[in-house]
Amino acid sequence: MNRFWIVFALLVVVQMSFAQSYQQLEKERKERQKKIKEILGDDGSTENPTFDKERQVSLTAETALLEGFFDFSVEEYESALPKFKRALKINPKSSGINYQIALTLLELKRYSEATEYANAAINLENHIPDYYLLLVKIYQEQGLFGEAARTYEKMFDKKLPNTEIYWKDLAELYHKKLQKSEKALKIYEDLERKYGIMEHINAPKQEIFLEQRNLTEALKEAEKLVKFYPEKPEWQANYAKILLLSGKDAQAEQFLLPKIGSDYTFQTHLQLLQAYQKQNKNTQKEQLVGDLLKNSQLPDEVRSEILKNFVNKTAQNFEQVVKNTPQNAESWLMLAKEAEKQKDFSKAREAYVEVVKLDNNNFEAWKKLLLYDWQLYEIEQLLEHSKEALELYPTQPEIWWYNGKAYFERKNYKKALESYEQGKSFTRKNKSAILETAIAEVYLAENKSKEVENIIAELQPTLNENNDFLNFYAYFLAHKKQKLDEALKIARKIVDLENENGEYLYTLAYVQYRQNKLSDALKTLENALKYKQGAKLQELLGDIYFKMGEKERAISHWQKAQDLKGGSTLLSKKLTDKQLYE
């Protein structure tokens, strides 16, 4: 027997003992060294007269191999390689050593050298399948799929025993990597004639036919699979899918109906809904949808798919459908997004409340909830929700901003400043134009003009980079009645960029009001109220109406501002005296 294979068997023993500690392996290695030393001579030389020269050379090669195998077994490939090469130098005609070197080089990702040694192994002994398979792997690692296919073909040309199983791999290579579907199909057809219907033969055939849009042939393969594997749900679902793709909706319906009672994954139900929908059988579809949504065992992902694909989300009853079914966050999230599409922000806000109740780790849902709390002027809720969110996300500056806004609207300026400063501490270099702008807004409310001007001076170089700061700057100029034309230009610019931003529209209306362009201001403010509510908007509306001579309407809007627990420090005086103060 070839000595390499005797030594190779020793590798198996080494690998089986790999679970032992490294120290144990090292001990065994030293014991082998000792025995080999006894054979070769006390001084470790090959000059032991007890053995002939050929035997001593062979033992030297085996010593190098054993050492290399040990290193290879513990994944010390760099150390194993020179030992294998030393063994090859002693026995250059060993196909097995060439193979082992190629395998080691593959592990080291030295593909070009690995190719050379793998080819050498094949040239020395071309009847060993493992040599070809190693070369295939080396080529595939380099993306040389054509060379890999040719190597398979060379192996098959040799008609080597036990290689038939690799025809499937060649077919997959043709199909997936070389886009030679016809060659792959021919192999699969040959395999089917030889071995009959099998999943790993007929499923790839079906896939190729689907890619070719040959639904007739794809359906034939699906039918073979469902008949040959009637107990496997995946092939039942596959057959129904191809029927539906082929437009055989009634046939799919008849195939699926007897199976829904035993399908606890509910995939059959989803396909049946699809069949009903394609045939416009709305009564049957709605009945099945209702039954499924009431089922407490329905997986969340299936419930979401039903709501997404089989319920009319714009219908009046969509919200009721969500409320009447076992609760899950995904359903409410869909309702929230549909409400947003319809610009029903109040309903969207209510839905996001439910989302965070059911899934409080959904950061995007928290952000949307806080946004709508703010836009709809639900200040008490904004304060509570921002506190809850900060418990989950204490390092998010955006949440600190909302928290500060809630305190600001309640005129708790100290707490507002604390929140803004805390938010700043989590920003890069402790800087944030949005938070700095919010701080300036607090100082303005406290009539600390110098502090406001300092912040404006600091942010002025980045004036055009942040719309929130531009918005505040325009408001500040209007508040001071300074550079009103410039304020108007800035306010119009940012509204043009974000024409559904209620805060920006409010500032534009305020600038127009300060310019005494009352009709323009009224129109702009009414537009702002579509996107944002708040005491300051109602107070400004009252101011505009008062200047337009509609005193009763003005007082009505001032009262609304008062009811919202916000507005300026002059609001109470306006209501008491029924006069406008600026």
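Whole-Hz ³J(HN,Hα) for each residue in segment 336-352, computed from phi via Karplus 6.51 cos²θ - 1.76 cosθ + 1.60 with θ = phi - 60°, x for glycine and proline: what do you get?
Calculated HN-Hα couplings, in order: 4, 5, 5, 4, 5, 4, 8, 6, 9, 6, 5, 5, 4, 4, 4, 5, 5 Hz.
Which of rounded, prolate, oblate describes segment 376-455, given a ≥ b ≥ c as roots of the alpha-carbon gyration tensor eigenvalues and a/c under 1.5 marking rounded, otherwise prolate only if a/b is larger than b/c?
Since a/c reaches 1.5 but b/c is at least a/b, the shape of segment 376-455 is classed as oblate.
When the dipole is taken about the Cα centre of segment 314-410, and only Lys, Arg (+1) and Asp, Glu (-1) are charged at their Cβ, what size is it in debye, to the nearest 20?
180 debye
Whenever you get a sec, compute what percent of the accessible area on segment 477-582 sits on carbon and sulfur atoms (1.4 Å probe). All intermediate terms of the calculation are to be shown ahead of the outcome.
Values: 2420 of 5270 Å².
Of all accessible area on segment 477-582, carbon and sulfur atoms account for 46 percent.
Explain nothing, just the number: dipole magnitude of segment 436-582 about its Cα centre with +1 on each Lys and Arg Cβ and -1 on each Asp and Glu Cβ, in debye rounded to the nearest 20.
620 debye
May I ask you to evaluate 6.51 cos²θ - 1.76 cosθ + 1.60, the Karplus curve with θ = phi - 60°, for each residue of segment 206-211 and list the ³J(HN,Hα) values in order in whole Hz, giving x for glycine and proline?
Running phi through 6.51 cos²θ - 1.76 cosθ + 1.60 with θ = phi - 60° gives 4, 4, 5, 4, 5, 4 Hz.
For segment 67-180, what is the relative contact order in percent, using Cα pairs closer than 8 Å and at least 6 residues apart in sequence? Don't skip to the answer; put the middle values down first.
Values: 115 pairs, mean separation 18.7, N = 114.
Reported relative contact order: 16 percent.
Looking at Y377, F476, A348, which one has the Cα that reaches farthest to the positive end of the dipole of the chain (charges on Cβ: Lys, Arg +1; Asp, Glu -1)?
The listed residue farthest towards the positive side: F476.
Nothing charged except the Cβ atoms of Lys and Arg (+1) and of Asp and Glu (-1): what's the magnitude of the dipole of segment 485-529 about its Cα centre? Round to the nearest 20 debye.
So the dipole magnitude of segment 485-529 works out to roughly 180 debye.
Please say if segment 274-372 is rounded, prolate or oblate, where rounded means a/c under 1.5 for a ≥ b ≥ c the square roots of the C-alpha gyration tensor eigenvalues, and otherwise the choice is prolate for a/b larger than b/c and oblate otherwise?
Here segment 274-372 falls in the prolate category.
Among Q559, L270, I242, whose Cα lies farthest out toward the positive end of the dipole of the chain, if unit charges sit on the beta carbon of Lys, Arg (+1) and Asp, Glu (-1)?
Towards the positive end, the residue furthest out is Q559.
L376's amide H: which non-local residues (gap 5+, or another chain) put their own amide H closer than 5 Å, with H modeled 1.01 Å from N in plane and none for Pro or chain starts?
Q533
Which angle from 0 to 90°, rounded to the nearest 10, does the C-alpha axis of helix 233-245 make with the longest principal axis of the chain?
The two axes meet at around 60 degrees.
Go through K411/K481; K308/K493; K483/K523; K387/K489; K337/K574 and tell me which ones have a Cα-Cα distance over 29 Å in this structure.
K308/K493; K387/K489; K337/K574
The chain: Rg/Rh from Cα coordinates, Kirkwood Rh?
We get a ratio of 1.21 for the chain.
Tell me the label-point distance for the pair K159, Q212, using the 7 Å Cα-to-Cβ offset, in nm and rounded to one decimal.
Using points 7 Å along Cα→Cβ, the separation is 3.0 nm.
With each label point set 7 Å from Cα along the Cα-Cβ vector, what nm distance links K448 and E75?
Result for the modelled spin labels: 5.9 nm.
On full extension of the chain, what length is gained from N295 through K565, given 0.36 nm per residue of separation minus the C-alpha to C-alpha distance?
On the way: separation 270, 0.36 × 270 = 97.20 nm, distance 4.55 nm.
Gain in length upon complete extension: 92.7 nm.
K323 to K573: FRET efficiency via 1/(1 + (r/R0)^6), r the Cβ-Cβ distance, R0 51 Å, to the nearest 0.05? The partial results should precede the final answer.
Working: r = 46 Å, r/R0 = 0.90.
The calculated FRET efficiency here is 0.65.
So what is the accessible area of segment 68-138 per residue, in Å², with the probe set to 1.4 Å?
On the way: 3060 Å² over 71 residues.
Accessible surface, normalised per residue, equals 43 Å².
Can you tell me how much longer the chain between K220 and K93 gets when fully stretched, taken as 0.36 nm per residue apart minus their C-alpha distance, in nm with one decimal?
Fully extending the segment from K220 to K93 adds 40.5 nm.
Return, ordered by residue number, the residues of segment 482-497 whose backbone nitrogen is under 18 Å from a label point located 7 Å along Cα→Cβ of K530.
492-497
Using mean Cβ contacts within 10 Å as the protection proxy, how do 214-221, 264-271, 230-237 order, highest first?
Ranking the peptides 214-221, 264-271, 230-237 by packing returns 264-271, 214-221, 230-237.
Angle check, please: helix 77-90 long axis (alpha carbons) against the longest principal axis of the chain (alpha carbons), in degrees 0 to 90, nearest 10.
The two axes meet at around 20 degrees.
Skip the ligands, DNA and RNA, and give the accessible area per residue of segment 441-512 with a 1.4 Å probe, whole Å².
With all protein chains present, segment 441-512 gives 49 Å² per residue.
Any idea which of I165, L298, P82 is furthest toward the positive side of the dipole for the chain, if Lys and Arg beta-carbons carry +1 and Asp and Glu beta-carbons -1?
L298
Output the 0 to 90 degree angle, nearest 10, between the alpha-carbon long axis of helix 484-497 and the longest principal axis computed from the alpha carbons of the chain.
For 484-497 against the chain, the angle is about 40 degrees.
Return the FRET efficiency for the residue pair S112, I197: r is the Cβ-Cβ distance, R0 is 45 Å, and the value is rounded to the nearest 0.05.
0.60
Find the relative contact order for segment 52-122 and round it to a whole percent, using C-alpha pairs within less than 8 Å whose residues are 6+ positions apart.
RCO, segment 52-122: 26 percent.
Taking a quarter of the surface of the Cα convex hull of segment 117-176, what do you get in nm²? Provide the component values of the computation, followed by the final result.
Working: hull surface 15.0 nm².
For segment 117-176, the mean projected area of the Cα convex hull comes to 3.7 nm².
When a/c is below 1.5 the answer is rounded, else prolate if a/b is larger than b/c, else oblate, so apply that to segment 458-522 with a ≥ b ≥ c taken from the square roots of the Cα gyration tensor eigenvalues.
On the way: a/c = 2.29, a/b = 1.29, b/c = 1.78.
Cα axes put segment 458-522 in the oblate bin.
Ignoring ligands, DNA and RNA, please state the percent of accessible area on segment 264-400 from carbon and sulfur, probe 1.4 Å. Mind dumping the intermediate values first?
Numbers: 3060 of 7000 Å².
Reported share for carbon and sulfur atoms: 44 percent.
Could you work out the relative contact order of the chain? I mean the mean sequence separation of Cα pairs under 8 Å and 6+ apart, divided by the number of residues, in percent.
Relative contact order, the chain: 4 percent.
Using a cut-off of 20 Å between alpha-carbon atoms, which lysines can reach K83, once sequence neighbours fewer than 8 places away in the same chain are excluded?
Filter leaves K27, K30, K34, K35, K37, K93, K109.
So what J values fall out for segment 353-367 if you push phi through Karplus, 6.51 cos²θ - 1.76 cosθ + 1.60 with θ = phi - 60°, rounded to Hz, Gly and Pro as x?
With coefficients 6.51, -1.76 and 1.60, one gets 4, 5, 4, 6, 5, 8, 8, 7, 9, 8, 4, 4, 5, 4, 4 Hz.
Among K405/K450; K414/K517; K241/K347; K323/K565, which pairs are too far apart, with a Cα-Cα distance over 27 Å?
On the way: K405/K450 22 Å; K414/K517 35 Å; K241/K347 37 Å; K323/K565 33 Å.
As for pairs spanning more than 27 Å Cα to Cα, those are K414/K517; K241/K347; K323/K565.
Evaluate E = 1/(1 + (r/R0)^6) for Q284 and E305, where r is the Cβ-Cβ distance and R0 equals 22 Å; express this FRET efficiency to the nearest 0.05.
0.75
If Lys and Arg each add +1 and Asp and Glu each add -1, what is the summed charge of the other residues whose beta carbon sits under 11 Å from the beta carbon of Q236?
So the surrounding residues net to +1.
The values are calculated or read from the model by the stated rules, or taken from the named source; none is laboratory data. For clarity, every value in this text was computed on a predicted model and none was experimentally measured. Cβ sites come from the backbone with ideal geometry, for glycine too, and all protein chains shown count toward neighbours. Heads up: the accessible areas ignore ligands, DNA and RNA and are worked out on the full protein's heavy atoms, side chains in. Shrake-Rupley method; radii C 1.70, N 1.55, O 1.52, S 1.80 Å.
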